[in-house]
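Working notes, structure below.
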Ligand code: AMP
């Protein structure tokens, strides 16, 4: 196929607004193509060289592309820059400038295969001298390109191709070009794409051997499956109703969704929700997963969250966000913000594809498959059959640092539905989130042994508020963040006098610390919000029977309130007021297509 045909098709597609019309045009373009040309045309039309998950990038900066246009057209670089500033598109500039240059006659027309090969070469150029090599290759292409071809080449190179064909339109076009256009064949095409995430593969198989051959496309280690997505409901009662009264609830961890592929030889690949390869950001998972997975090859899914190395508590999502896209300093960030992957599904179990099995079987398999380690664990789960136990589990999930619960259907048909959103999974988050402006003065009533860097010391402290009416100290949080080494080192000495063998008189808590202390030392803390908790006892029962108030994501401000005695700490009544003042607002729940799972 000549590249000119592709460029002309892009020109027409760009001018088309109707999706139906786009589909026809695309079907016409693709119908005569097979194998290599079909694959190349598909990837190029999406602005890609390979399926997205392979992460192949051209690595051509704007300035390099400008220089290539200047060289190929003979125009000075400032002129290229000036024109581009006016039109906003280097592609248009290239078209204009090259249109004004007399071409050598007899140049062979560019084929799609030649363009593709040159672009792959540009993408592969790395290291010293690679920038020059990229420019040279681009100049070589431009020298042979028509003005129109040059326009689309540059847009492709800069990632600004505006053809606008989305995956769904391409699937429609494939159905029109290579199948009977029916709903059934469309479903088969989409199904194969959802399993393989590779349009080129789906198209070549379809064009070569027909719809029936799509069934031969299965799961493969190293090639991501498109993720199953959740619906939402506004109340737990509705969640349970949808699921027929009974469901598996899991903590909804607030982190990054990770699809982990563990090959037979122990090689691990990690994919984000958008199927980008993210393994290099999580070296500790690459080494731990082969130890944690008993039967490779396997494909498992989970949520990756930051963990406080000293207290083993889940930290806010932002901390793991710092790891994204980071190439430098990875070792330091890794030590500061280790992550834990909480697995919630298995799709390939020791080489057996199990995504089609119902969820109860997948969960059973996951439990057998996993040998939990510090970094790879099982998502907490409980099967519930009523709003009462569901509410209690929600409180527990939030107290543990989750953002809500994920309900999963246990019914027949609860297979893993790749790439689909449905009521087989329902997410439920609390309906408020606010930052707490006020700080809280909490009394230390217990301490926990540290881990990691804090081994041999205290790593976190159990804090209580005071209820003057009952004259009791009621726990509301466990705080480990915010202590620097000096502050931490001082704590044992400050607390020593108040150590107690048994739970001290006057302390109410459902938490059992490693050491107890009589209420004396007051610490100032801040947190993200107040939530209900099954284990803390502050203002017990005031909001909901059996639930106390808890401070989520607490952080020591650095101030030990030696000016305050224990009964001058924040009171449970004040805490309750703070809870009530938290503005109730709708869940800020972005569309599920956001990167952040
Ligand atoms: P949302 O991003 O709000 O649509 O919620 C769905 C996301 O929750 C998934 O894509 C996962 O990244 C994440 N998640 C956290 N915990 C779980 C869990 N136990 N099961 C499934 N998804 C979970």
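Structure values in brief
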{"item": "Test: residue in the stretch 556-568 that is in a loop (DSSP other than H, G, I, E, B) and at positive phi", "result": "no"}
{"item": "Selection count where residues are more than 14 Å from the ligand (Cβ to nearest atom), over 23 Å from residue 367 (Cα atoms) and within 19 Å of the chain's Cα centre (by Cα), scope the stretch 283-319", "result": "5"}
{"item": "Those strands (runs of 3 or more DSSP E) lying entirely in the stretch 360-410 with at least 3 residues within 12 Å of the ligand (Cβ to nearest atom)", "result": "404-408"}
{"item": "Members of the stretch 297-339 found to be at pLDDT 95 or above and in a loop (DSSP other than H, G, I, E, B), listed by number", "result": "297"}
{"item": "Pairs, first free of Cβ contacts under 8 Å to residues at least 60 places away in the same chain in the stretch 375-388, second more than 12 Å from the ligand (Cβ to nearest atom), C-beta under 9 Å, six or more apart", "result": "377/292; 377/340; 377/370; 378/367; 378/370; 378/372"}
{"item": "Strands (runs of 3 or more DSSP E) wholly inside the stretch 432-539 that include at least 3 residues being more than 22 Å from residue 564 (Cβ to Cβ)", "result": "529-533"}
{"item": "Leading residue by the ranking (modelled with the lowest pLDDT) among those in the stretch 64-97 that are within 23 Å of residue 7 (Cβ to Cβ) and assigned to a loop (DSSP other than H, G, I, E, B)", "result": "88"}
{"item": "Single match in 453, 411 (criterion: at pLDDT 90 or above, touching a helix residue (DSSP H, G or I) at 6+ places or on another chain (Cβ under 9 Å) and surrounded by fewer than 18 Cβ atoms within 10 Å (Cβ to Cβ))", "result": "411"}
{"item": "Per-region count, the stretch 456-477, residues under 15 Å from residue 515 (Cβ atoms) and surrounded by fewer than 24 Cβ atoms within 10 Å (Cβ to Cβ)", "result": "2"}
{"item": "Output for the stretch 44-63, where each listed residue is within 15 Å of residue 155 (Cβ to Cβ) and not in a loop (DSSP other than H, G, I, E, B)", "result": "44, 45, 62"}
{"item": "Unmet criterion (only one of (1) within 17 Å of residue 553 (Cα to Cα); (2) in the same structural domain as residue 390 (by TED's automatic domain parsing)) for residue 412", "result": "(1)"}
{"item": "Single condition residue 109 does not satisfy, out of (1) over 36 Å from the mean Cα position of the chain (by Cα); (2) surrounded by 15 or more Cβ atoms within 10 Å (Cβ to Cβ); (3) closer than 18 Å to residue 6 by Cβ", "result": "(2)"}
{"item": "Breaking point among (1) modelled with pLDDT under 95; (2) assigned to a helix (DSSP H, G or I); (3) touching a helix residue (DSSP H, G or I) at 6+ places or on another chain (Cβ under 7 Å), for residue 38", "result": "(1)"}
{"item": "Restricting the stretch 212-231 to residues that are in a loop (DSSP other than H, G, I, E, B) and in contact (Cβ under 8 Å) with a residue 60 or more places away in the chain, the residue that is farthest from the ligand (Cβ to nearest atom)", "result": "218"}
{"item": "Only listed residue being surrounded by fewer than 17 Cβ atoms within 10 Å (Cβ to Cβ), at pLDDT 95 or above and part of a helix (DSSP H, G or I), chosen from 8, 27", "result": "8"}
{"item": "Those residues of the stretch 82-94 which are farther than 14 Å from residue 158 by Cβ and in contact with a helix residue (DSSP H, G or I) (Cβ under 6 Å, 6 or more places away or on another chain), in sequence order", "result": "83"}
{"item": "The one condition in (1) farther than 30 Å from residue 402 by Cβ; (2) surrounded by fewer than 17 Cβ atoms within 10 Å (Cβ to Cβ); (3) in contact with a helix residue (DSSP H, G or I) (Cβ under 7 Å, 6 or more places away or on another chain) that residue 237 fails to fulfil", "result": "(1)"}
{"item": "Strands (runs of 3 or more DSSP E) lying entirely in the stretch 232-281 (those with 1 or more residues that are more than 10 Å from the ligand (Cβ to nearest atom) and more than 22 Å from residue 353 (Cα to Cα))", "result": "247-251"}
{"item": "Cβ-Cβ under 7 Å pairs, at least 6 apart or on other chains, the stretch 423-442 side closer than 13 Å to residue 234 by Cβ and at pLDDT below 70, far side within 16 Å of the ligand (Cβ to nearest atom) and not in a strand (DSSP E or B)", "result": "431/586; 431/587"}
{"item": "Enumeration of residues in the stretch 463-478 that are more than 19 Å from residue 400 (Cβ to Cβ) and in contact with a strand residue (DSSP E or B) (Cβ under 7 Å, 6 or more places away or on another chain)", "result": "464, 465, 466, 467, 468, 472, 473, 474"}
{"item": "Check on residue 361, at pLDDT 95 or above and surrounded by fewer than 21 Cβ atoms within 10 Å (Cβ to Cβ)", "result": "yes"}
{"item": "Boolean, residue 190 is surrounded by fewer than 20 Cβ atoms within 10 Å (Cβ to Cβ), more than 19 Å from the chain's Cα centre (by Cα) and within 24 Å of residue 41 (Cβ to Cβ)", "result": "no"}
{"item": "Qualifying residue in the stretch 249-265 (condition: surrounded by fewer than 22 Cβ atoms within 10 Å (Cβ to Cβ) and in contact with a helix residue (DSSP H, G or I) (Cβ under 7 Å, 6 or more places away or on another chain))", "result": "no"}
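The values are calculated or read from the model by the stated rules, or taken from the named source; none is laboratory data. Quick caveat, the model's predicted, so the values are computed rather than measured. Note that each Cβ is placed from the backbone with ideal geometry, even for glycine, and that neighbours are counted across all protein chains shown.
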